[in-house]
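Nothing in this text is a laboratory measurement; each read-out follows from the coordinates by a stated rule. Everything numeric in this text was worked out from a predicted model, so none of it was measured. FYI the Cβ positions are ideal-geometry reconstructions off the backbone, even for glycines, and counts take in every protein chain you see.
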Amino acid sequence: MLEYQKQNCDLTLAQGLQCYYDSFPEGKEVFYDTPGSGTLLRDHDCTHVIFGLDISLDQEAILDTWVLWGSRFKWSYMLGYNRLPQIKELTKFLFKELGISGFLRLYWNVIAIKRKVIYRTFKMKKKWPFKVPEEFLNMKIVDLRNIHGIFLYPIGSFNRLRLCPTHSISRQFRNAYVSIIYPGFFIQLEVFFF
């Protein structure tokens, strides 16, 4: 378990973000913000930290539920992902590698957890701002979770899905395929399942 995945984590959000980046296996590509992306990628990564989720594909799918139901965001900002070149490439690769049936299997395997996460979002005091204010980076994660009423889902409850064995993933994307998932597709599936 990573430090930021503990409910009462004493790290600041910036330290938790660094812990998240440090958890990437050696050689795995981390997508950092560019002048064209603003802070969109960092904001996405902050949701991993605040909701206590890692970079696995199943937890990425669960993160979509936290973001959709437990975050405050503007659709235009959120859908800015599809304009980022690295996300376009990643999306094409994932659809080629997994196909629609792979994504549906992924969602089927985590649907019970997603429902429990939705229930937890209704108990939040206020929604998490997807566009993270700079002052939040210097605040402790435990304090941010208390302010927003975020109670993490127990890590041991997650299934490890084996949808993409690493030997079948092309070398170019092997190290980046779970880092960021195009949210528009997952949001559409989210609406479909609920």
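Diffusion of the range 1-99 by Stokes-Einstein, at 25 °C in a medium of 0.890 mPa s and with Rh set to the Kirkwood radius over alpha-carbon pairs, works out to 168 µm²/s. For LYS125, the lysines whose Cα comes closer than 22 Å to its Cα, not counting residues fewer than 8 places off in the same chain, are LYS6, LYS74, LYS114, LYS116, LYS140.
Near CYS46: Cβ cut-off under 12 Å, other residues only, Lys/Arg at +1 and Asp/Glu at -1. The net charge is -2. Is the range 36-93 rounded, prolate or oblate when judged by the Cα gyration tensor, a ≥ b ≥ c being the square roots of its eigenvalues, rounded requiring a/c under 1.5 and prolate requiring a/b larger than b/c? It is oblate, given that a/c is not under 1.5 and a/b is not larger than b/c.
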